[in-house]
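Colleague: I'd like to ask you about the structure that follows.
Read the figures in this text as sums done on the coordinates, not as results from a lab. Predicted model only: the values in this text are computed from it and were never measured. Positions of Cβ are backbone-derived with ideal geometry, glycine not excepted, and every protein chain shown enters the neighbour counts.
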2 protein chains.
Amino acid sequence: MTANRRFLLARRPHGDPVPQDFSLAEAPVPTPQPGGFVVRNHFASLDPAQRGWMDDAPSYMPPIPLGDPVRATTVGVVHASDNPDFAPGDWVMGLNGLEDYSQVAPGGFTSKIDISGVDSPSRFLSAMGAVGLTAYFGLLDIGQPKPGETLLVSGAAGAVGSAVGQIGKIMGCRTIGIAGGADKCRRLVADYGFDVAIDYKDAGGNAKPVDTLSAEIAEAAPDGADIVFENVGGAVLDAELMNLAMRARIILCGLISEYNSPEKLGARNLWQVLVKRATMTGFLIADHVPRFGEGGAQMAQWMAQGKIRVDEDIQQGLENAYPAFMRLFSGANTGKLVLQIA
Amino acid sequence: MTANRRFLLARRPHGDPVPQDFSLAEAPVPTPQPGGFVVRNHFASLDPAQRGWMDDAPSYMPPIPLGDPVRATTVGVVHASDNPDFAPGDWVMGLNGLEDYSQVAPGGFTSKIDISGVDSPSRFLSAMGAVGLTAYFGLLDIGQPKPGETLLVSGAAGAVGSAVGQIGKIMGCRTIGIAGGADKCRRLVADYGFDVAIDYKDAGGNAKPVDTLSAEIAEAAPDGADIVFENVGGAVLDAELMNLAMRARIILCGLISEYNSPEKLGARNLWQVLVKRATMTGFLIADHVPRFGEGGAQMAQWMAQGKIRVDEDIQQGLENAYPAFMRLFSGANTGKLVLQIA
């Protein structure tokens, strides 16, 4: 390959991203900076957080500069190196971009990975990566699940949500998953072992009103939810808030229903947090990177024991980056969304 | 007195309570049930929580039954007793109603108080009661204030908020209070020692937009708020959420701006809880009743040392219960609102 294809942020999306917000450009394959190296990206993680990084808003990371490739966690192979710790052929994982080749400056967020024990390097973007470990640390550290407790998960058919449900079962919880559509709900029970699946959409495919959804949760969890793992926000969160058990723990992991919405709906039932003396805590996996080894080892063990399955939705080709990314928001995506670049 | 005047809930308010939601009735002065006693109420606490109890909605207490007196914490004197632990003339405090005389069943939530060291029995409804101790336990237990931290208080001129600010100063925090109107803001600094006062209203008396309020908070707290003591909700909460320090603690104590609003605005900036890995915890003083002795003693000591002032807004007469109660919502009230009945 003689050129480096790069999927660039051309302008800041307003609401749902459109194709014109991006451009696919070609540049020369970079050569290593002094002390740095260049990675040939094989797999890139596509995540809702990337939508946030496209906005010019205060967040936990700076916005993606216009004209830069869309920031992404990638797994790849060292292509050329001026760093004695990274030799050509080494597998690495790091915060790079949606592009064939990424320049890694000295001290960049990229580290070596050992792919010898895994069926695909993409596992480091799913079960043993940010997704699986978001489920692992979010549920265990903040949720503090105890046997017999009720765990309510939104976005339950997604990569994080399905792992949360399965870890919850391992911890002895009763698990209730919320997802959109009959097929996803069937898979919640059949594939991920949820005790109950609740469809937040009606037969016509429209989101149910808060009261309807709240009543369905109440039927499934008559004593309320001890733990809520929140990936969605909006009306789904409002329905969950009406069904908290006393001193419920809410893990605020994502608010995907609001990321593309310039007019956020807002949470109207926060008063239930007060009534139930609940705690809502924001969770970002970035804080837990030093414990990735510990969490990854446990996830790998559970996968080997057949206790957890983490599905991957692998889309092909940098040229398909836009439609692949949009699968996150259309409801088409199930399992960890990954773009295969090489 | 030969009759027991009672301020009854005649129907459930929709939005702002109107006079027709209540009625003032007369009944015979009750005689004690076997094992119970009857209290002559002297002072009754008027609190935003009472508005919530008027709704037929799930809460931490059952709704006030229609035709019953409006539930209230009162301080009064035992009038007649069939309980050997309570003698006529004993001062007591308990969860009774807006009425001249309350029947206390055996095991009811009423206990004796020692008024010998206080300037007025109403102190047990303010500094040494639920108000002062909401500030005390909410700020200290959930907020965990440390010297040098920034404490942001909404409803800061109110009874709870003004005590929170003063306790925060004792703990070495920098205190920023939000209140409505120039006069209240002047008192935040002059009377309650806040370092900065922010007016959430503009010169015309209208609530400022979230962006404006958020920018003013940012100017006062450039590094963000480590602790937010929330009494208000709505746009004020949204502006505060845009100004959280990393790992901020939000004490969700009240959402008074939403209590009378059938169409709740909702919190639109919850994503900042995620971005800042903040924690929002619901607080109800009812959980801390076993520690009232400890908290009351500390508050009494601080008052005696001149470190804390807790103002009372004492309105007169059961016949004025409606206009007195509405002072909570009109912005007229400053200090702990109390209705003097006897």
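Colleague: Starting from the amide H of B:G97, placed 1.01 Å from N in the peptide plane, find each other amide H under 5 Å away whose residue is 5 or more places distant or on another chain.
Modeller: Here the answer is B:A72, since their amide H atoms fall under 5 Å of that of B:G97.
Colleague: Efficiency by 1/(1 + (r/R0)^6): what FRET value for B:V118 and B:A10, r their Cβ-Cβ distance, R0 = 35 Å, to the nearest 0.05?
Modeller: Computed FRET efficiency for B:V118 and B:A10 comes out at 0.50.
Colleague: Viscosity 0.692 mPa s, temperature 37 °C: Stokes-Einstein D of chain A from its Kirkwood Cα radius, in µm² per second?
Modeller: 159 µm²/s
Colleague: OK, next. About the Cα centre, and with charges only on the beta carbon of Lys, Arg (+1) and Asp, Glu (-1), how big is the dipole of the stretch A:119-271? Nearest 20 debye, please.
Modeller: The dipole magnitude comes to about 280 debye.
Colleague: Let me ask something additional. Rounded to the nearest 10 degrees, what's the angle between the helix A:159-170 long axis and the longest principal axis of chain A, both from Cα atoms, 0 to 90?
Modeller: 50 degrees
Colleague: When DSSP assigns beta bridges and you keep just the ones with both residues in the stretch B:130-286, what percent turn out antiparallel, to the nearest 5?
Modeller: If we restrict to bridges inside the stretch B:130-286, about 5 percent are antiparallel.
Colleague: Taking B:Q305 in one copy and the same position in all the others, each labelled 7 Å out along Cα→Cβ, what are the pairwise distances from the first, in nm, shortest first?
Modeller: For B:Q305, the other copies' label points sit at 5.4 nm, shortest first.
Colleague: I would also like to ask the following. Once you've got the Cα coordinates, tell me which of B:K201/B:K307; B:K146/B:K276; A:K184/A:K208; A:K184/A:K336 are over 20 Å apart.
Modeller: B:K201/B:K307
Colleague: Also, quick follow-up: Looking at the calculated P(r) for the protein assembly as shown, what percent of the C-alpha pair distances fall above 40 Å?
Modeller: 39 percent
Colleague: Let me ask you something else. Evaluate Rg over Rh across the stretch A:130-286, taking Cα atoms for both radii and Kirkwood's formula for Rh.
Modeller: 0.92
Colleague: Quick one: what do you get for the stretch B:47-200 if you divide its Cα Rg by 2.2 N^0.38 Å?
Modeller: 1.25
Colleague: Related question: Could you calculate the FRET efficiency of B:A304 with A:T2 from 1/(1 + (r/R0)^6), where r is the beta carbon distance between them and R0 is 60 Å, rounded to 0.05?
Modeller: Between B:A304 and A:T2 the formula returns 0.15.
Colleague: Additional query: Is the shape of the stretch B:124-195 best called rounded, prolate or oblate, per the rule: a/c under 1.5 gives rounded, else a/b larger than b/c gives prolate, else oblate, with a ≥ b ≥ c the square roots of the Cα gyration tensor eigenvalues?
Modeller: Taking the square roots of the gyration eigenvalues as a ≥ b ≥ c, the stretch B:124-195 is oblate.
Colleague: Now a separate question. Taking the label point 7 Å from Cα in the Cβ direction, how far apart in nm is B:A342 from each other copy of itself, listed shortest first?
Modeller: For B:A342, the inter-copy label distances come out at 8.6 nm.
Colleague: Let me ask something else. So in chain B, what percent of DSSP beta bridges are antiparallel if you round to the nearest 5?
Modeller: Given both bridge residues lie in chain B, the antiparallel proportion sits at roughly 55 percent.
Colleague: Considering only DSSP beta bridges whose two residues both sit in the protein assembly as shown, what percent are antiparallel, to the nearest 5?
Modeller: The answer is about 60 percent antiparallel.
Colleague: Helix-only estimate, please: 222 nm mean residue ellipticity of the protein assembly as shown, summing -39500 (n - 2.57) across DSSP H runs of length 4 or more and dividing by its residues, to the nearest 500.
Modeller: Helix-only estimate at 222 nm: -7000 deg cm²/dmol.
Colleague: Normalised by the number of residues in chain A, what is the relative contact order in percent for Cα pairs under 8 Å and 6+ residues apart?
Modeller: 18 percent
Colleague: Nearest the rotation axis from B to A, which residue of chain B has its beta carbon, and at what whole-angstrom distance?
Modeller: Here the value is B:G266, 1.
Colleague: Next question, about the same structure. Report ³J(HN,Hα) in whole Hz for each residue of the stretch A:140-149, in order, from the Karplus equation J = 6.51 cos²θ - 1.76 cosθ + 1.60 where θ = phi - 60°; Gly and Pro get x.
Modeller: For the stretch A:140-149, the Karplus curve yields 6, 6, 8, x, 6, x, 10, x, x, 7 Hz.
Colleague: Which order do A:E312, A:E26 fall in if you start with the one that has the fewest other Cβ atoms within 10 Å?
Modeller: A:E26, A:E312
Colleague: Please work out the FRET efficiency for the pair A:S111 and B:A332, using the Cβ-Cβ distance as r and a Förster radius of 51 Å; give the result to the nearest 0.05.
Modeller: Efficiency at R0 = 51 Å is approximately 0.25.
Colleague: Using the Kirkwood radius built from alpha carbon pairs, what does the Stokes-Einstein equation give as D for the stretch B:224-322 at 37 °C and 0.692 mPa s, in µm² per second?
Modeller: Using the Kirkwood radius from Cα pairs, D works out to 202 µm²/s.
Colleague: Okay, moving on. Which net charge results for the neighbourhood of B:S214, defined as the other residues with beta-carbon distances under 11 angstrom from its beta-carbon, given Lys and Arg at +1 and Asp and Glu at -1?
Modeller: -4
Colleague: Can you give the average number of partner chain beta-carbon atoms within 10 Å of each beta-carbon in peptide B:280-293, as a whole number?
Modeller: Per-residue shielding by partner chains comes out at 3.
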